1. At a threshold of 8 angstrom on Cα-Cα distance, excluding pairs fewer than six apart, so keeping six or more, what relative contact order does region B:32-113 reach in percent?
2. Find the Cα radius of gyration of region B:168-227, compare it with 2.2 N^0.38 Å by division, and give the number to two decimals.
3. Report the dimensions of region B:114-187 along its three principal axes from the alpha-carbon atoms, largest first, rounded to Å.
4. Restricting attention to the alpha-carbon atoms of region C:155-314, what are Rg (one decimal) and Dmax (integer), both in Å?
5. At a threshold of 8 angstrom on Cα-Cα distance, excluding pairs fewer than six apart, so keeping six or more, what relative contact order does chain A reach in percent?
6. May I ask you to report, in nm to one decimal and beginning with the shortest, the distances from residue D:160 to the same position in the other copies, taking label points 7 Å along Cα-to-Cβ?
7. What is the Cα radius of gyration of the protein assembly as shown over 2.2 N^0.38 Å, N being its residue count?
8. Considering chain D, what Rg and Dmax in Å follow from its alpha-carbon atoms?
Ligand SMILES: Cc1cc2nc3c(=O)[nH]c(=O)nc-3n(C[C@H](O)[C@H](O)[C@H](O)COP(=O)(O)OP(=O)(O)OC[C@H]3O[C@@H](n4cnc5c(N)ncnc54)[C@H](O)[C@@H]3O)c2cc1C
Ligand SMILES: Cc1cc2nc3c(=O)[nH]c(=O)nc-3n(C[C@H](O)[C@H](O)[C@H](O)COP(=O)(O)OP(=O)(O)OC[C@H]3O[C@@H](n4cnc5c(N)ncnc54)[C@H](O)[C@@H]3O)c2cc1C
Ligand SMILES: Cc1cc2nc3c(=O)[nH]c(=O)nc-3n(C[C@H](O)[C@H](O)[C@H](O)COP(=O)(O)O)c2cc1C
Ligand SMILES: Cc1cc2nc3c(=O)[nH]c(=O)nc-3n(C[C@H](O)[C@H](O)[C@H](O)COP(=O)(O)O)c2cc1C
Ligand code: FES
Ligand code: FES
């Protein structure tokens, strides 16, 4: 059941001019949040920006002992710029948790899964890693970015999943393999590895390639989609994605986590 | 020559929930400013408020040795509320000095003048008091408010003009005489006192009464008017007041300091 | 002080003047986590058509200064699914339901209205004749008094329920379309719908909205909406009006009532804050009490205009 | 990269596409402390009438969300005083001057234009036929194609200068008035003027503007302005256009150019920041350089619209 509450800024950690983590008091949203779900944050008191902005809950953690929600944000404009400049203690209207989480209920200690992150798409996979670790499900992380600074939160991923389970790819080779993260996935699939499910979040081109890969490999998968959102809970009908059965589905309520086979990638 | 520059908040002093002094770095506006002139301040980065707000320069002073502009502000809405919450160091776009100052060039040590303030109308009279004091012109202050907390900056006025020269009136009698500030003026005029000029700033009702008083007493006077302003330098034509010769005059460039005889008070 | 918030719009009696605007409140049920539906004056549901409608391809929305643009394409589950799957629960929750309907042709409008018939669980029917830039329908009906009159006439004879016609603001003189709707049998007028706008992604040089143009809503349009409410009130003093456009606070509600609205509909604000509609009911009661207004309906049409000089502006 | 900012609007050649909008830039000289007038593409001066005009009684302006309302009442010193007292200095400063003119009757319009005659210090004449809510004149001319055509025809034969007609956005179909103006001899179109709005002081229950209604300007109206520029560009591909409405940044300028404007006019933004117009010239050059645009005029009308589905929106 989503909650609309005012949460205070506990801390902001800047990784580089373009990326930061925003920690808010967990409120009653924290305990309810499942990996893959998101929240709508209002940035600023005025009308700039006017609409709330959607952010995946990247972690449910603690800041100096205080229960906290972590959002990992890439500053791309008005709202993401403003949210990074808020001083500690500032109250922010937050609506959440929202959307369909990653399907994990059926996973057991015997299972092995794959996590594929592209750029800021790491966010929902971080909380997923925490849960998988807690439940003893083993997971391989494939995380790609433009360069090393683009690949965030590596320490946390490696703590949750084990360093040997985390592989990286960068366009310039400054970290891990030079090339696309999807190449790492194909390579692994060519090997012996068999996954029960593949979880992914990233830019559209990555989704397209990955959708083809998992279809070919007949691999069960869940993608955390993005879209421009006004409400976040299914009433504006603004966030839709074309479905393979010819409809338009609201990413905020039928997603954001969907099986790639449900999306008509040719119309996206 | 008005300047458009970005000035930093040096300090904010709150007198009560409704009143505060905002100190900004003086920039190149400070040295140019004459008593009665004003500046246009942009409150906030966003579009709330959208237009700049006009404020009399209440003093050109120093904060911890740094040259400063002081504005004395009454919080009545969006902009005045926001300006009072700015943290030290925040840069604010400021346009000034603007408008016609109080006429003081002809005043000498032999002259005696009257200053009449109503409510937040004290602002321009404070800088005027500093100048008059510096030039040895003696001045009687009559300052009225709803109650004692409404009557601000008394220590400064009394330092500039001498405590015995400062008389107060409040609606509830909590400070000075119970009643209207204009009664103090009439009373003084009934006595022996003769003023070379009367300077005033306050709410419309005070202006109306004072206009009648100075006309009856054939007393030279200058009123610092207010009006809603968009630009502050004579181009929007939004701030006009009706003139006795049947025109509309821009308060920002033909004023704010005008002889009351120039205004058609019946059409205001 | 006890404040009477109830209002009457002809045969439509509401417990308070705060309704929610079509397309911004889903089918109502999505808001049960945030708002007790029975506390609202009414809810106007997403525009219903004869058959389910998939709407426009994305992108459908973008942000604007103090507002947003949308070109959803009237995606909806269709009138039959609404009556079968949504209305019973809305009724159980005590919601006062306004059925917002649309069609591509007169026949479709009439058919949707006939499906609803005289269902007592629907308090009123709201004709959306003001979807701007529609390839079919909209412009013809919304911006053409003759076509509008003909449509409203046919719908009028198809239902006994109070009939609301929602007018387009994209016209030279809204009082003309207003008169046409009322002469043809409209009981109540809703204004305004969105202003047609265009916003461009200058990097791709494509419209931010897939449909090219979109409807501008939010605080940006409030002054235009208040003006049109005032104009229609002047032209048709006896016709009840829902004021719509950029309402976010109780003060905005009061502004619309003073301009001539009998009730209001809150739209885009529901996206920024899903709890806003219920809060406006309380805030409005508080405002009235603080201002000695015993009956909220006493505010309607109380604008005090000054004598207009023989002058123009600009 | 060197960027060519010059633009041609028919016979009107400008060194860059950044002009200032009438009524928001005074007579230009007020801005000399802030802007080197010669650096601007052009300045459109406050609307000039045959005789001096005192304008409307206050209050004349109020703030709106992302904009403002105004009902100045076209206060101006009159065309003769302008020619005698302002134009010489503007000319000396190298300003490209657009004379914005208006009248209550066709004869007055013609008389003002004849006073300017063929004065080479005036680059173009801009007819303001779009003062909304005017007791006389405006509505008749601005929102009525026939009356507009007649007026423009008479003015056309009264001057050899490039003739700009500034259109009202308060119409059902702006391309109709646009066509009427062009068919009658307009060389260039300016759009848009302000949207008619109303804002109420709920404490006094009086309009915040003495005239009751006022013209809405600022970022709030930009999506409507961009849409109308695009519509007129589609309807009249060869007619040069000044895009106007809520421009505050170089990105906004680019948006108008892509929509179909050949140049723009910056209005209300001049009040928020008197230096904005000159800065936009530099920012626009920087934007073009960063985006590999060698000639700013290459941006005009390059909007890439997607195929429109047979769907409506709302
Ligand atoms: C379910 C969901 C989860 C998300 N999780 C995260 C996250 O964990 N971390 C993160 O940094 N971002 C996340 N995003 C993207 C984030 O919402 C956008 O970056 C943000 O809305 C941009 O707002 P802005 O005001 O800074 O940018 P604007 O000034 O509004 O626009 C700047 C640029 O960002 C683009 N943009 C605007 N809104 C979106 C959007 N909703 N999605 C993608 N691009 C957009 C615009 O097209 C424009 O090009 C998520 C989006 C969704 C829908
Ligand atoms: C030349 C001049 C000098 C001024 N000097 C001072 C000063 O030294 N200290 C000070 O506190 N105020 C001063 N004012 C008034 C000040 O500009 C307004 O109080 C301010 O603009 C209100 O802005 P806001 O956003 O807080 O109020 P808003 O939210 O805009 O409006 C709140 C209320 O304030 C009223 N208001 C808005 N603008 C003005 C205005 N320009 N004048 C009067 N009432 C207004 C509105 O009608 C409304 O009732 C001066 C005004 C002028 C024209
Ligand atoms: C996303 C969205 C969808 C809308 N859908 C409809 C609709 O289906 N039918 C209708 O009559 N109006 C529709 N509208 C218009 C609103 O009901 C309302 O008239 C308009 O948004 C102005 O009010 P606001 O500024 O409070 O949003 C829609 C508006 C928005 C923003
Ligand atoms: C205070 C004010 C006065 C105006 N006066 C005139 C005028 O005299 N003639 C005219 O054609 N337009 C006039 N306008 C309209 C502007 O030129 C411009 O078309 C409109 O404000 C939209 O642009 P903007 O949003 O950038 O301000 C005026 C606008 C404002 C705000
Ligand atoms: S964001 Fe409104 S429906 Fe998905
Ligand atoms: S404030 Fe614009 S002319 Fe005075």
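Every read-out reported here was derived from the displayed coordinates using simple, explicitly stated rules and does not represent laboratory data. All figures in this text were calculated on a predicted structure; none of them were measured in a lab. Using ideal geometry, Cβ is built from the backbone for each residue, glycine included, and neighbour counts are taken over all protein chains shown.
1. Dividing the mean separation by the residue count of region B:32-113 yields 39 percent.
2. Normalised by 2.2 N^0.38 Å, the Cα Rg of region B:168-227 equals 1.14.
3. That gives 35, 24, 18 Å along the principal axes, largest extent first.
4. 17.6, 55
5. 18
6. With the label placed 7 Å along Cα→Cβ, residue D:160 yields 7.7 nm.
7. Details: Rg = 31.8 Å, N = 1164, 2.2 N^0.38 = 32.2 Å.
That works out to 0.99 for the protein assembly as shown.
8. 18.5, 58
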